Amino acid sequence: MERQNQSSSLTCENLPSFLSSFVDTFVDFSVSGLFLPQQQQIPQQPLQTHYPSPNRLVAIGDLHGDLEKSKQAFRLAGLIDGSDRWCGGSTTVVQIGDVLDRGGEELKILYFLEKLKREAVKSGGQLITLNGNHEIMNIEGDFRYVTKKALEEFDVWAYWYDIGNKMKSLCHGLEIPKNPFHGIPPSFHRVPEEFSHSIRARIAALRPDGPISRRFLANNLTVLVVGDSVFVHGGLLEKHVDYGLQRINDEVRDWINGLMGQRAPEYCRGRNAVVWLRKFSDEFAKNCDCSLLEHVLATIPGAKRMIMGHTIQEIGINGACDNRAIRIDVGMSKGCINGLPEVLEIDRNSGLRVLTSNPMYQNKNQYAQTKEGLGLLIPEHGPKQVEVKA
């Protein structure tokens, strides 16, 4: 995403430019290896990249640090009850990435998603989470879109994590915990002293092999195929498919676990990266490269559509290129455009529809009867199969 609510950002009166300069400082230190914790080589099993088509599949877009909006999205799809427990049965859910940045409840969302993953499995369902560009940025130490409230949340985490480590160190027979702050400087050039500890806490938590990145992000997928749907945060090009979807997932996992240095793999960096690409997500359908998309999908056996986040769709979830490109980032976080939550549902029998909280569809029941899919963007308007949730 490009837009954000500037009032909640750290780029305020006392922090005019420190985040940009901090990124440069971080890269300098990381290249020298100072920010890398001690690595432990652990054999890894391949992540599962391909899944069979389930009876019900739900896709949820970018969450960006807004816990309440995240829960609203899950409720729209009937996935959690009033106590925030999983009630989605055997549904398969895909969250398209970008949990981090722009909001102040990042850790709460990560714990919430982890809880739901465990509850879903017990009911025969599953929740699969992807890496977005903001996960990659934060693991690399790029904190340009962090908010003050988010830094405070990591400050609290560091306090309790340190207490936990001290308690573990008192127990005979337990391995002495690693210091998560090992190698991180006590202060940074042009960073106000009042934020130094918060920045150190965020680096410690999210850098490769950091406690938070290892626990919550390492097993995220970067590319996913479920039945005939391809999920990726930004988009895929033919070169990505040729490189290998399984290979991408395994390498990103290894990088997050601290086995491949500080910098993300090349296919996660730059405008044509899998988490940054926008060739198929422009809000105007005429600007989407449909011929390229069709060619890419043809290289993935059985793929009919690519489902993406990353680029805010102010009109809500929609399709382009004859619904081969489905764009599900509605900017729901208050740190973005505070959009009304919507989720995509793919039913094995009835096809694609949008579940929305947008009241504009409240009295348009005829839309719910259409079988024409999601509707195309300007100038190719079409009906949008929707169900309104109160």
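Using the structure shown, decide if D250 is farther than 24 Å from Q126 by Cβ and in contact (Cβ under 8 Å) with a residue 12 or more places away in the chain. Let's see the steps before the verdict.
Details: farther than 24 Å from Q126 by Cβ: no; in contact (Cβ under 8 Å) with a residue 12 or more places away in the chain: yes.
No: the conditions fail for D250.
Being among the charged types (D, E, K, R) and in contact (Cβ under 8 Å) with a residue 12 or more places away in the chain is the filter; apply it to the range 288-310 and report the residue that is surrounded by the most Cβ atoms within 10 Å (Cβ to Cβ). Steps first, please.
Pass one, the range 288-310, residues among the charged types (D, E, K, R): 289, 294, 304-305.
With the extra rule that they be in contact (Cβ under 8 Å) with a residue 12 or more places away in the chain, the set shrinks to 294, 304-305.
Details: E294: 13, K304: 12, R305: 21.
Among residues in the range 288-310 that are among the charged types (D, E, K, R) and in contact (Cβ under 8 Å) with a residue 12 or more places away in the chain, the one surrounded by the most Cβ atoms within 10 Å (Cβ to Cβ) is R305.
Within the set of pairs 6 or more residues apart or between chains, which connect a residue that is more than 13 Å from R269 (Cα to Cα) inside the range 226-240 to a residue that is among the hydroxyl-bearing types (S, T, Y) and not in a loop (DSSP other than H, G, I, E, B) with Cβ atoms less than 7 Å apart?
V226/Y51; V226/T92
So, in the range 265-300, of the ones that are in a loop (DSSP other than H, G, I, E, B) and within 23 Å of P46 (Cα to Cα), which residue ends up farthest from the chain's Cα centre (by Cα)? Even if it seems obvious, please write down each step before you answer.
Initial filter on the range 265-300 (in a loop (DSSP other than H, G, I, E, B)): 265, 269-284, 288-289, 299-300.
This time we only want the ones that are within 23 Å of P46 (Cα to Cα), so: 265, 269, 273-275, 299-300.
Numbers: P265: 17, R269: 15, A273: 15, V274: 12, V275: 9, T299: 25, I300: 23 Å.
Residue satisfying both the conditions and the ranking: T299.
For residues that are under 20 Å from D101 (Cα atoms) and open to solvent by 10 Å² or more (accessible area, probe 1.4 Å), tally how many sit in the range 155-191. Reasoning before the result, please.
Residues of the range 155-191 under 20 Å from D101 (Cα atoms): 155-158, 191.
Among the residues that remain, those that are also open to solvent by 10 Å² or more (accessible area, probe 1.4 Å) are: 155-157, 191.
Number of matching residues: 4.
Does the range 297-304 contain any residue that is touching a Cys at 6+ places or on another chain (Cβ under 7 Å) and under 22 Å from E345 (Cα atoms)? Give the steps one after another, and end with the answer.
Our first condition is that a residue be touching a Cys at 6+ places or on another chain (Cβ under 7 Å); within the range 297-304, this holds for none.
For the range 297-304, residues touching a Cys at 6+ places or on another chain (Cβ under 7 Å) and under 22 Å from E345 (Cα atoms): absent.
Going through the range 265-280 one residue at a time, which ones are of a type outside the set (F, W, Y) and surrounded by 19 or more Cβ atoms within 10 Å (Cβ to Cβ)?
First, pick out the residues of the range 265-280 that are of a type outside the set (F, W, Y): 265-266, 268-275, 277-279.
Those that are of a type outside the set (F, W, Y) and surrounded by 19 or more Cβ atoms within 10 Å (Cβ to Cβ): P265, C268, A273, V274, V275, L277, K279.
Enumerate the helices (runs of 4 or more DSSP H) found wholly within the range 157-264, keeping only those where 1 or more residues are modelled with pLDDT under 95 and in contact with a helix residue (DSSP H, G or I) (Cβ under 7 Å, 6 or more places away or on another chain).
Details: elements: 193-206, 238-243, 245-256.
Here the list reads 193-206.
If you go through the range 105-122 one residue at a time, do you hit one that is open to solvent by less than 10 Å² (accessible area, probe 1.4 Å), out of contact with any strand residue (DSSP E or B) (no Cβ under 6 Å at 6 or more places or on another chain) and of a type in the set (D, E)?
yes
Suppose we filter the range 312-356 for residues that are assigned to a loop (DSSP other than H, G, I, E, B) and open to solvent by 20 Å² or more (accessible area, probe 1.4 Å); how many remain?
Of the range 312-356, the ones assigned to a loop (DSSP other than H, G, I, E, B) are 312-317, 321-324, 328-341, 348-350.
In the following step, the residues that additionally are open to solvent by 20 Å² or more (accessible area, probe 1.4 Å) were identified as 314-315, 322-324, 334, 337-338, 340, 348-350.
Qualifying residue count, the range 312-356: 12.
Can you tell me which of (1) surrounded by 21 or more Cβ atoms within 10 Å (Cβ to Cβ); (2) free of Cβ contacts under 8 Å to residues at least 60 places away in the same chain; (3) out of contact with any Leu (no Cβ under 9 Å at 6 or more places or on another chain) is the one E152 doesn't meet?
It is condition (1) that E152 fails.
Output the qualifying pairs, or none if there are none: Cβ atoms under 8 angstrom, residues six or more apart or on different chains, first residue in the range 341-361 and over 18 Å from I312 (Cβ atoms), second residue assigned to a helix (DSSP H, G or I) and among the aliphatic types (A, V, I, L, M).
R353/A368; L355/L76
The values are calculated or read from the model by the stated rules, or taken from the named source; none is laboratory data. Fair warning: this is a prediction, and the values are worked out from it, not measured in the lab. FYI the Cβ positions are ideal-geometry reconstructions off the backbone, even for glycines, and counts take in every protein chain you see. The area values use the complete protein model at the heavy-atom level, side chains included, leaving out ligands, DNA and RNA. Shrake-Rupley method; radii C 1.70, N 1.55, O 1.52, S 1.80 Å.
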